[in-house]
Amino acid sequence: MPEVAGDPRSAFHLPPDVTYLNCAYMGPLPRSAVEAGWSALDRKARPWTIAADDFFVPAETYRSLVAELLGADADGVAVTPAVSYGLSTFAANLPLTAGQVVLVPADEFPSALLPWTEAAARAGAEVVRVPADGPDRCGPLLAEVERRGEQVALVSAPACHWTDGTPFDLVALRAATRAVGALLAVDVAQSLGVVPFDAAAVAPDVVAGATYKWLLGPYSLGFAWFAPAWREGRPLEHSWIGRAGAEDFAALTSPSDGYRPGARRYDMGEGSQHSLMGVALAGLQLVRDWGPAATAAHARPLIDRVAAGATELGLTAPPPEQRSPHLVGLSLAETGIDAAELASRLADDRVHVSVRGTSIRVSAHRFNTDEDVDRLLASLTRAVGRG
């Protein structure tokens, strides 16, 4: 069924009695993406229908859509399976030396932490996890860059923290890293598609993300954008499709020593992803058509209502200036309520959120409505009332 104008929820298989406020965990596939997936599987059942162009053209469309959302150029986009792959590629080319430090925010997601710890261990460098100051996570990171100065080789930060949506001022971080000659890596897995990103303003060295959350795509397909200075490094994999002239199947008996242009050398093996690429493209096109700025404007009042209502029930929410428009963590630390038990009670009411640490993580996309917030707050009220 096509989306009804003005009703984004109709683009999904979301039953009327399900409140899904959990894209921070996994976004639902749009109906168009599901249809694309079935079509891709049907073609695989008839492989004679898969042409040479199918190895290249859809991936180029994917690069273009990702680049548009990033405000960057498509030549810088590599097709990856995950955030960890893109950041590991960058880490493998990172010229760390003994005594240097890589700064990351405390409680960072492992995929945006472990590539740096491995690279630092090889080089004799150090990864420093910078604690938050109350709800502020970016301020302490900026202060640590200033304190350590030229010892800092790299700052790795998300657009917003994965546990609670705390935003990071990436433009300020870029200015701070430039002042000390450091690099900037950005993880947009929890924001791209629902919050605008401006690569020209941020000027990162690398940006990595995944499609399965806010981009409403499949699991196991992601991307990384590399700044021009980083497009001639060594890829993690040496696959045929990353090499110059790969389009000429007859010449694959003598693969080129050169690479395809831009960041294509960093594409994962089998990056054409025949079974998943169409699914990802359908999600990306829908997110692009909605527009991240409009989606953020839609989500913000919903998240503000969630924060206000939860606060009245005794939960703790970050102040507005420390909240992203689409994602908030509601701390239960002052209530004595077990977060996992509370999430289970909400799920019994068909209200779906995440548990991260001692917090309930609530996230809103374009298909969410005031009715979803009403059902969440009603379910929270019942659950908190039962202790």
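The values are calculated or read from the model by the stated rules, or taken from the named source; none is laboratory data. Just so we're clear, the structure is a prediction, and the values are computed from it rather than from any experiment. Don't worry about glycine lacking a Cβ; one is built from the backbone with ideal geometry, like all the others, and counts go over all protein chains shown. With ligands, DNA and RNA removed, areas are computed over all heavy atoms of the protein, side chains included. Shrake-Rupley method; radii C 1.70, N 1.55, O 1.52, S 1.80 Å.
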Q | Probe 1.4 Å - accessible area at H274, Å² to nearest ten | A | 70
Q) How much FRET efficiency would the formula 1/(1 + (r/R0)^6) give for R122 and A229, where r is the Cβ-Cβ distance and R0 is 30 Å, rounded to 0.05? A) 0.90
Q: Give a residue-ordered list of calculated ³J(HN,Hα) values for segment 127-134 (Karplus: 6.51 cos²θ - 1.76 cosθ + 1.60, θ = phi - 60°; whole Hz; x for Gly, Pro).
A: 9, 10, 8, 8, x, 6, 10, x
Q: Treat each spin label as a single point 7 Å out from the Cα along the C-beta direction, and report the E312 to W38 distance in nm.
A: 4.3
(Q) Please give the Cα centre distance for segment 167-191 versus segment 87-103, rounded to the nearest Å. (A) 15
Q: For segment 1-133, give the percent of accessible area contributed by carbon and sulfur heavy atoms, probe 1.4 Å, rounded to a whole number.
A: 60
Q: Beta carbons within 10 angstrom, averaged per residue: use that to sort the peptides 148-154, 346-352, 221-227, highest first.
A: 221-227, 148-154, 346-352
Q: Describe numerically, in nm with one decimal, the distance between label points set 7 Å from Cα along Cα→Cβ at D54 and at E68.
A: 2.4
Q: Compute the length gained on full extension between D348 and D7: take 0.36 nm times their separation in residues and subtract their Cα-Cα distance, giving the result in nm to one decimal.
A: 120.1 nm
Q: Provide the per residue accessible area, probe 1.4 Å, for the chain, rounded to a whole number of square angstrom.
A: 41
Q | Added length on full extension, which subtracts the Cα-Cα distance from 0.36 nm per residue, A250 to A45 | A | 71.4 nm
Q) If you place +1 on the Cβ of every Lys and Arg, -1 on the Cβ of every Asp and Glu, and leave all else neutral, what size is the dipole of the chain about its Cα centre, to the nearest 20 Debye? A) 300
